[in-house]
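Derivation of every value follows stated rules applied to the coordinates shown; laboratory data play no part. Remember, it's a predicted structure, so these values are computed and weren't measured experimentally. Here the Cβ positions follow ideal geometry from the backbone for every residue, glycine too, while neighbour counts run over all protein chains shown.
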Amino acid sequence: MDELIEFVAARLDEEQYLAQDLARGHPGPWSADTPSSVCDSGGKVVVQDEYHWSAIPHIARHDPARVLRDVAADRKLLAEWQQAEADSAEDDDQWKAGFAAGLRDAVLHRAKRFSGHPDYEAAVAALYRSMVGLPPA
C-alpha cells in the first residue's frame with residue numbers, strides 16, 4: 001500500500017507543480033475562443049494551431065485549474081484510503097474492510113493514468129504482493 005501511495009503522491013506533486021507554474025502565466029478558466037486557439041481568462045493566447053483544430057477544445061478543457069481540482073480530489077482519495085485501511089486494521093469489521101478495498105480499487109484505477117511512468121509496475125506489484133501476504137520484493 002505504501003509504495004503505491006508514495007508513487008501516486010509523487011505523480012500528483014509533479015502535476016500540481018506543472019499546473020501551478022502554467023497558471024501563473026495563464027490563469028483560468030481557459031476557453032477555445034476560435035477554432036484554432038485557446039485563451040486564458042485575460043484573453044491571452046495559450047495555444048494556437050492552425051492545423052490541428054481537434055486538439056483545441058481538449059486543451060481548453062484541461063486548463064491548470066481543472067488539473068489542480070483533479071489533484072486535490074486524488075489527494076483526498078489517497079487520504080480516505082489510508083484512513084479506511086487504518087480503521088479496518090483496528091478491528092475485524094467486514095464493512096470497514098470492504099470500504100477500504102473499494103477505496104484501494106479506486107486508487108488503482110486512478111493510478112492507471114500514470115502507467116507510462118517507469119516506477120508504475122513496481123508500485124502496483126508491491127501492493128498486490130501485500131494483498132496476498134507475500135513479503136516485499
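Give me the lysines in straight-line cross-link reach of Lys96: C-alpha distance below 20 Å, same-chain residues under 8 apart excluded.
Of all the lysines, those that pass the test against Lys96 - Cα under 20 Å, at least 8 places apart if same chain - are Lys76.
Between Val45 and Leu77, how high is the FRET efficiency from 1/(1 + (r/R0)^6) when r is the Cβ-Cβ distance and R₀ = 30 Å? Nearest 0.05. Can you show the working numbers first?
On the way: r = 34 Å, r/R0 = 1.15.
Here the calculated transfer efficiency is 0.30.
Summing +1 for each Lys or Arg and -1 for each Asp or Glu, what net charge is found among the other residues whose Cβ lies under 9 Å from the Cβ of Ala126? Could you put the intermediate results ahead of the total?
Details: positive: Arg129; negative: Asp2, Glu3.
Counting the neighbours of Ala126, the net charge comes to -1.
Per residue, how big is the convex hull of the chain when only Cα atoms are used? Give it in Å³. Write down the numbers at each step before the final one.
Values: hull volume 16.6 nm³, N = 137.
Hull volume normalised by residue count: 121 Å³.
Can you tell which of Gln82, Leu68, Ala10 lies farthest toward the positive end of the dipole of the chain, using +1 and -1 charges on the Cβ of basic and acidic side chains (Lys, Arg; Asp, Glu)?
Leu68
Counting helices only, and only those DSSP H runs with n ≥ 4, report the 222 nm mean residue ellipticity of the chain as the sum of -39,500 (n - 2.57) divided by its residues, in deg cm²/dmol to the nearest 500. Spell out each step's value before the answer.
On the way: 5 runs with 88 residues, N = 137.
-21500 deg cm²/dmol, from helical runs alone.
Just add up the charged neighbours of Ser36: K/R +1, D/E -1, any other residue whose Cβ is under 15 Å from the Cβ of Ser36. Don't skip to the end; give the middle numbers.
Details: positive: none; negative: Asp33, Asp49, Glu50.
Charge balance in the 15 Å sphere: -3.
When only C-alpha pairs under 8 Å and at least 6 residues apart count, what is the relative contact order of the chain, in percent?
Working: 136 pairs, mean separation 34.8, N = 137.
Rounded, it is 25 percent for the chain.
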